[in-house]
Every structure is written in structure tokens, then in C-alpha cells.
Amino acid sequence: MTKPTVIKSFKHNGSLHRMWLENWRLPDDWLKPEHAAERMAVLVNNRTPIMEADGKEWVSRVPGVSFFIPGEWYNIVALIGEAGVRYYCNVASPPYFSGNTLTYIDYDLDVIVQPDGSRQIVDEDEYERHKTVYHYSGTVRRKVADGLARLLDRIDNRRPPFDDRAVLDYFARWKHGDKEAPGTP
């Protein structure tokens, strides 16, 4: 069965950015072969409480399936809405697990992929501002640029996890809590 996980996003200076308080990491034996091959961590949430750095809390409106890939400087959140699956991609440090907590450093740049496949890079101004404020080193700036390029290549070539059917299968399987969910092998 799945296990609960808290996702914590930090800024470069170590300050808390945001926390997703109720996520469930899917067991490795539930992963699609293409996701298992990259050792992806796949987490699901539905109407999870989210706490901002200032302590304000809100609840997500749509289910999400998050993908964290070891060593990659980005993560991908598939948001399941009425209009289809939208992907919100964060350029960020590789994920780090400690017990039932996943952490990463958010580097501001985001890529949004709409259900029709169109994509847009957002928050470039925030990245430029924080690059100076937080004194990103040359190494960090290169890792961020490389992470963004690798993410865009993955999006443009529709490589995993950019597969709506897989996202919907994971959510259905988690929701049903067993291997008998519709659409799963």
C-alpha cells in the first residue's frame, strides 16, 4: 500500500517556501516500467492542505500526481482537472528523502504544459531577482540552465512522465487502494 509523505520546498537560503502536507508515495511495484527504469518517486494527492512560508494554509482544488527523478534538476506535477491533465514543472534541486519527508530547493523557473500540449516558461523575472538576492553560484546557475534544457527536451519529446493515461491510471489505482483499479495492468 501507499505511505504518507510530506513534500517541503525550500528557497536557496534554506527558508521554507511551501509544504504539501498529505501525499502518498506509490510503492515501486505499482510503477510503470518506464518510470521504474528512472527510479522515479511517484506521489499522489487529492485536496491536500498546502502551507505557505508565512503560515497561511489552503487546500489544492484538483488531484495531483508528482514525479521526482533522482539526479534531475526539476520535478513534475500532473494536475488532473476537468479540461484534462496540466503539467506544472518546477526547476529545482534533485529530491532528497528523509523518512517520510521529501525536500527540494525551488529555483523559481517553472514550465506549464497545457492539456493541448502547449508550454510556457514562467517566473523568469523571479529567477533573475533571486539569482542576485540569494547569490546563486556559477555551479547552481549552470545546473538550473541544464535542468531547464533537459526538462524542455523531455516535454518536447513527450518522454515520461508526460503521459496523461499513466497519470490517470496512477490516480485511479491510488484512489481504489489496490491493483484492481480500472485501466491498470
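The values are calculated or read from the model by the stated rules, or taken from the named source; none is laboratory data. All figures in this text were calculated on a predicted structure; none of them were measured in a lab. All Cβ positions, glycine included, derive from the backbone under ideal geometry; neighbour counts span all protein chains shown.
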TODO: Could you please let me know if E22 is acidic (D, E), modelled with pLDDT of 95 or more and either surrounded by fewer than 16 Cβ atoms within 10 Å (Cβ to Cβ) or not in a strand (DSSP E or B) (or both)?
DONE: no
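Results for (1) more than 24 Å from A37 (Cβ to Cβ); (2) touching a Ser or Thr at 6+ places or on another chain (Cβ under 8 Å); (3) not aliphatic (A, V, I, L, M), shown as yes or no for each residue.
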{"site": "L102", "(1), (2), (3)": "no, yes, no"}
{"site": "I105", "(1), (2), (3)": "yes, yes, no"}
{"site": "L109", "(1), (2), (3)": "yes, no, no"}
{"site": "V140", "(1), (2), (3)": "yes, no, no"}
Task: Matching residues in region 68-92 - criterion: being under 27 Å from T132 (Cα atoms), among the hydroxyl-bearing types (S, T, Y) and crowded, with 21+ Cβ neighbours inside 10 Å - done: Y74
TODO: Would you mention how many residues in region 81-110 are of a type in the set (V, I, T) and touching a helix residue (DSSP H, G or I) at 6+ places or on another chain (Cβ under 6 Å)?
DONE: 2
Open item on the list: Among the residues of region 61-75, are any assigned to a strand (DSSP E or B) and of a type in the set (K, R)?
Closed with: no
Open item on the list: Looking at region 150-170, I want the residues that are surrounded by fewer than 19 Cβ atoms within 10 Å (Cβ to Cβ) and have a partner that is in a helix (DSSP H, G or I) with Cβ atoms under 9 Å, at least 6 apart or on another chain. Which pairs are those?
Closed with: R159/E34; R159/D153; P160/E34; P160/H35; P160/R154; P160/A166; D163/E34
